[in-house]
Every structure is written in structure tokens, then in C-alpha cells.
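The values are calculated or read from the model by the stated rules, or taken from the named source; none is laboratory data. These numbers come from a predicted model, not from an experiment. Neighbour counts are summed over all protein chains in view; Cβ atoms, including those assigned to glycine, are modelled from backbone coordinates with ideal geometry. With ligands, DNA and RNA removed, areas are computed over all heavy atoms of the protein, side chains included. Shrake-Rupley method; radii C 1.70, N 1.55, O 1.52, S 1.80 Å.
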Amino acid sequence: KSFLTISFRLRFSHTFSHRSYIFSFASSPRSVRVMMTNQNGGDVHPVVASSPLTPDQHQQLLRERLRAYHDSMYCFSLNDYYSLETGASPSPSLSDLQSLESSFRRLDVTGVNACPQPLIDNCQSNQFPLNGRDRGMNGNEYSLPLNYQQEQSQRLLYPMDDCVNGFRVTATTLSRAKDRGESQRLLKVIAEGSRKTIDKIFEDLVSQVCELMIDPIGHEVLQKLFEKCTDEQITRVLDIVIQQPIQFIRICGDSHGTHAIQDLMRCLGSDEQISRLMVTLCHVALVLTKSINANHVILFCFTHFSPSQNRYLLQVIAQNCYQVAIDQFGCCMLQQCIGKSYQEIRDPLIEKIITHSMSLCVNCYGNYVVQFVLELEDFHVAAALSKYFDGNYAQLSCDKYGSHAVQRCLTSRQFNSRKIVNELISDIDSLLVNPFGNYVIQTAWVVSQVIYEHALDSFCVK
């Protein structure tokens, strides 16, 4: 006896080839009548749903309605549509049915006891579009209700909040994390979102965390997400990253991945988490030290973790110190480790370098490590190196790379320069004509002048 009719326009831009149709709902205390009409006003397929309906009956009703609409108005089959678009079964997917059902629910006409709602008189029409740029049948533009505009703005900001209405957001969240513009929105949501929102984002991205770590934009999203994660979530990410050593090496060797791994390492708050990481690092440490990007991961461990946490990693690096030192990138990493790490880490590395000092001095990269140790101006280090260099200064001076080490010894205050000069003078004839030894003699001459000047000054004072 009391009927409520609500009509609205739906534009199926993707599914039904940009054709507009009108759904009309007539509700009474005993039934709900749903009809679909075309733009000419003709009914396509009325459906009367008695109440109450079980979930299975309701789902079947929606499927029959969609098929009836198609059979009357479209020139291709639903089988073709689903097979081409989604590769799914011919019948409509549950998410599509849930989306349609949620739209009905917003109109409050799905229940048998739905109360009549006042009609919205908008531009002399009771219809309002889903897209604010659409026009009504009278040619005038629609203005959306305020609550509807707010709801849509929230969806645009982060559609995940509407996942209860049937939105499938996993793929969308991943694609947005890789997009420069959308990632900024996502970063804002992560920074300002609630714990529930953070958990939703985490669940959507955790399975693709390795892919995002090497993405130029995605790794920035992960950095912000890691800061909001709980210890349990950080542990889950860590287990995924270190699960396959080859994959871990690939991430560490990437210019973006190495920063993502270090961001993850900053969030490790327990000894158990660090121990898990160290097990994998010890297996691949030698490979990582020889990569321009991955060696920063090793350096991060030595500079941020305690000596006890780095104990096994330090043993691996020290045992392979010579191989690391003669590598183009490994020699740089060793210098930074010695200069920035704790003394408990620095001393074992220096000891291994001194042991291999003669071989390192004549290597194109190893000689830089020896020179760096000499620059420490440590008396005990200089005394230990002198034991290996004494009697070999002339030999080292004739080598392209060893000559640099000898010159560094001559200018160091921790070495006995007179002793070195006297040893060079004994073989001065060959050194003067040597393409590298002559530079050592020139340095020795300058150093000798300074020595004798100081000696003369002391004599004059007396």
C-alpha cells in the first residue's frame, strides 16, 4: 500500500560497453521489487523477491538477474566476458554479486522491513549518478549528496577501507605502492592511519615484499611501513627475505634493495631477530663484500650491532680478509669497517691485514688497505708492520703499488725514517733508474732534509 520508488543511473563503462541503464526499486512492507529499464523507459526484467531470502537464494537470484539482463540487451555472452576479462568461470564472481548487493544495501531496500526514505529532489530528478560529471535526463548536471561525496573521497584516498563491501584491494595496493603519485597517498595513509589500517596494508604487501624492496618507489613505502610494524610483523618480513639466500643476495646487490634491507635491519629489536639475520649473512658474507651495494649491509652490521652480535660475522670476514682486501669494493668496505666500527671488531681485522701486509702491498687494491692502516698513526700497528717490512723496503720500492706503501712509511711519524733511508741508500743505484723506485728516493731525500734540519737546529741550540 505504501510504495517507495528510487531510481538511479548506472554507467557500466567497463563491463557493459558504456551503456546507461536505470535500476528502479519499489519497496512495500511485504516485498521488494527490482526492475531495470533502458533509457527509453521500457522494463527489461522485473524481479520480485519474497522475504525472507537465505544467502544461497539471494546469490542465485542475483545471478539469474544478471543473466536475464544480458539475454535481453547485449550482443555477447557472459561466458565470453568472464573468459576474456578474468579467465574465471562463466557465472558472475562472488565479489561482483557482493558489490551489487552492497549497492542495494546502501539504498536500504534489501530488507523486508525497510522504512521509506525521503526522496532527494536534485535538479528536478530523483536520480543521482555515481560519477559527478554525468548528467541527468533533463540535461542538467547533478550535485552529489554531501555524505556520498565524503564516502567517495575516502575511497579515493584508500579503497582498502571499503573491503567489507567487496573491494579486492591486494593488487591495487601493490600497484599503488609502485606508482609515484599514488605512493605519496599511501605514505600519508601509513603515517596517519590507525593500527587496523596499517595491518591491512601490511597483509596486502607482505607477500610481495621482496619485489617491492628492489622497486625504485616501492622501497620507500616499505621504509615507512617498517616503522609502523610490530615485532611480529618485522619477524615475518625477515623470514621471507632470508628464506632463500640467492634472493637475499639479489636484494642486497640492488641499489634500492640495499637501502630496504638496512631499513629492515634498523627495526630489528631483539637478539633473536638479529641472530636469524646473522645466520644468513655468515653464509653469503664473502659474496656481499664484493658488491658495490651489498657491502653496505656488512658495514651496517659492524657499525650498528654490538660486537657480541657480530661475533660470527667477524670471524668469517677475518678468515677471508685477504680475499676481501684485494677486491675493488671489498677493500673500501674494510677501510670503512676499520674506521667506523668498535675496537673489538677493528683489532682482529687489523691483525689479519698485518699478517698479509707484504702480499697486500703489491696488489692494486690491497695496498690501499695497508696505507689506510698506516694512517691510523698507531705505534703498536707501526711496530708490527715494521717486522714484515724491514729488509724489504728496496724490493717494495721497485713495485708499482708497493712503492706507495714505502713512501707512506717514510712520512709516518711512527716509523724510524732514518732506518728506512739507510736501507734505500744501500741499493740507490738501481732505485734511481727504476720507474717507481725513483719516486721513493725523492721522498727519502725530502724526509732526510727535514731530519738533518732538525738535527742542525738541535745542534745550534746546544
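How much accessible area does Y365 have with a 1.4 Å probe, in Å² rounded to the nearest 10?
Y365 has an accessible surface of roughly 80 Å² with all protein chains in place.
In sequence order, what are the phi-derived ³J(HN,Hα) couplings for the range 250-258 according to the Karplus relation 6.51 cos²θ - 1.76 cosθ + 1.60 with θ = phi - 60°, rounded to whole Hz, with x for glycine and proline?
Going residue by residue, I get 4, 5, 5, x, 7, 5, 8, x, 5 Hz, with x marking Gly and Pro.
Using a 1.4 Å probe on the protein heavy atoms, what percent of the accessible area of the range 270-376 belongs to carbon and sulfur? Don't jump to the answer; show the numbers that get you there.
Values: 2340 of 4570 Å².
Reported share for carbon and sulfur atoms: 51 percent.
Can you work out the Karplus-derived ³J(HN,Hα) for every residue in the range 313-326? Use 6.51 cos²θ - 1.76 cosθ + 1.60 with θ = phi - 60°, whole Hz, and x for glycine or proline.
Along the range 313-326, the couplings run 5, 5, 4, 5, 5, 5, 5, 10, 4, 5, 5, 5, 5, 8 Hz.
Please report, in cubic angstrom per residue, the volume enclosed by the convex hull of the alpha-carbon atoms of the range 227-306.
Values: hull volume 6.5 nm³, N = 80.
Dividing the Cα hull volume of the range 227-306 by its residues yields 82 Å³.
Top to bottom by accessible area (1.4 Å), largest first, where do T258, T230 land? If you can, show how the numbers build up before the last one.
Numbers: T258 5, T230 50 Å².
My answer, sorted largest first, is T230, T258.
For the range 191-260 and the range 300-374, what is the separation of their C-alpha centers, rounded to whole Å?
Each part reduced to its Cα centre gives a spacing of 30 Å.
Provide I217, I292, I246 ordered by accessible surface of protein heavy atoms (probe 1.4 Å), highest first.
On the way: I217 25, I292 95, I246 140 Å².
From most exposed to least exposed: I246, I292, I217.
Accessible area of K188, 1.4 Å probe, to the nearest 10 Å²?
110 Å²
Please list, in order along the range 193-208, the HN-Hα scalar couplings obtained from phi with the Karplus expression 6.51 cos²θ - 1.76 cosθ + 1.60 (θ = phi - 60°), rounded to whole Hz, x for Gly and Pro.
Here the 3J(HN,Hα) series is x, 7, 4, 5, 5, 4, 5, 5, 4, 4, 5, 6, 9, 4, 6, 10 Hz.
For W445 and F300, what is the calculated FRET efficiency with R₀ set at 41 Å and r taken between the beta-carbons, to the nearest 0.05?
0.35
With every protein chain left in place, what is the accessible area of E227 in Å² (1.4 Å probe, nearest 10)?
Accessible surface of E227 is approximately 110 Å².
Per residue, how much accessible area does the range 388-461 have with a 1.4 Å probe, in Å²? If you can, show how the numbers build up before the last one.
On the way: 4510 Å² over 74 residues.
Result: 61 Å² of accessible area for each residue.
I326's amide H: which non-local residues (gap 5+, or another chain) put their own amide H closer than 5 Å, with H modeled 1.01 Å from N in plane and none for Pro or chain starts?
Result for I326 returns nothing.
Any idea what the alpha-carbon Rg over 2.2 N^0.38 Å comes to for the range 388-461?
Working: Rg = 12.5 Å, N = 74, 2.2 N^0.38 = 11.3 Å.
Computed over Cα atoms of the range 388-461, the ratio equals 1.11.
At a 10 angstrom cut-off on C-beta neighbours, averaged per residue, how do the peptides 393-399, 299-305 rank from highest to lowest? Could the numbers behind the result be given before it?
Working: 393-399: 21.1, 299-305: 18.7.
Packing order, densest peptide first, comes out as 393-399, 299-305.
Counting only Cα, what are the radius of gyration and maximum Cα-Cα distance Dmax of the range 172-269, in Å?
Calculated on Cα positions, Rg and Dmax stand at 12.3, 36 Å.
If you average over every viewing direction, what projected area does the convex hull of the Cα atoms of the range 310-462 give, in nm²?
Values: hull surface 39.9 nm².
It is 10.0 nm².
Ignoring any ligand, DNA or RNA, what whole percent of the accessible area of the range 172-269 comes from carbon and sulfur when the probe is 1.4 angstrom? Before the final figure, lay out the partial values.
On the way: 2120 of 4420 Å².
On the range 172-269, the fraction of accessible area on carbon and sulfur atoms equals 48 percent.
Running Debye on the range 270-376 with equal point scatterers at the Cα sites and no solvent, what base-10 log of I(q)/I(0) appears at q = 0.12, 0.17, 0.21 Å⁻¹?
After summing over all Cα pairs, the log10 values are -0.35, -0.70, -1.06.
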